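To start, the structure under review is shown below, and the notes come after it.
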């Protein structure tokens, strides 16, 4: 069992890694704590051989997820590069090129998901579009979380292979 001193050092490393990737000090604290809670919950049912690696990977994944949510909602603005007048005049509507590219990506994504089974496609879309968690999906489909993870991995691989080189 790790000592408090060991955990403090680990949290310090996790926080430093998060801040190195652009998180604020407060956000890094929050993400490290959330990762720790995920570790504790996971350890209730599973054995974690390397809790320090689990904590670091989980915190980094949470940071990536938080960044994607902010980016997709348009919350990320580089204030250093824009004056207040530019910020007020900034047009939030995507360009025609961006719209066409997005439609092409969606069409390509839809094509890639045609190669997987109906259940796998529904599970993938429930997670990616509806924002359902794996446990919620598992309960909805009457399966284990492990089965949901396998369906997600299968769909993700299909999407990655289909999108490769595009």
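The values are calculated or read from the model by the stated rules, or taken from the named source; none is laboratory data. Being a predicted model, the structure only gives us computed values, none of them experimental. Positions of Cβ are generated from backbone atoms using ideal geometry, with glycine treated the same way; all protein chains shown enter the neighbour counts.
Inside region 118-144, can you point out the residues that are under 17 Å from residue 42 (Cα atoms) and surrounded by 15 or more Cβ atoms within 10 Å (Cβ to Cβ)?
Within region 118-144, 134, 136, 138 meet the criteria.
Where residues in region 1-21 are in contact with a helix residue (DSSP H, G or I) (Cβ under 8 Å, 6 or more places away or on another chain) and outside any helix (DSSP H, G or I), which of them is modelled with the lowest pLDDT?
2
Given the criterion surrounded by fewer than 11 Cβ atoms within 10 Å (Cβ to Cβ) and either at pLDDT 75 or above or assigned to a helix (DSSP H, G or I) (or both), identify the matching residue among 111, 97.
97
Could you count how many residues in region 131-152 are more than 14 Å from the chain's Cα centre (by Cα) and not in a helix (DSSP H, G or I)?
3
For region 25-50, what are the residues that are in contact with a helix residue (DSSP H, G or I) (Cβ under 9 Å, 6 or more places away or on another chain) and loosely packed, with under 11 Cβ neighbours inside 10 Å?
25
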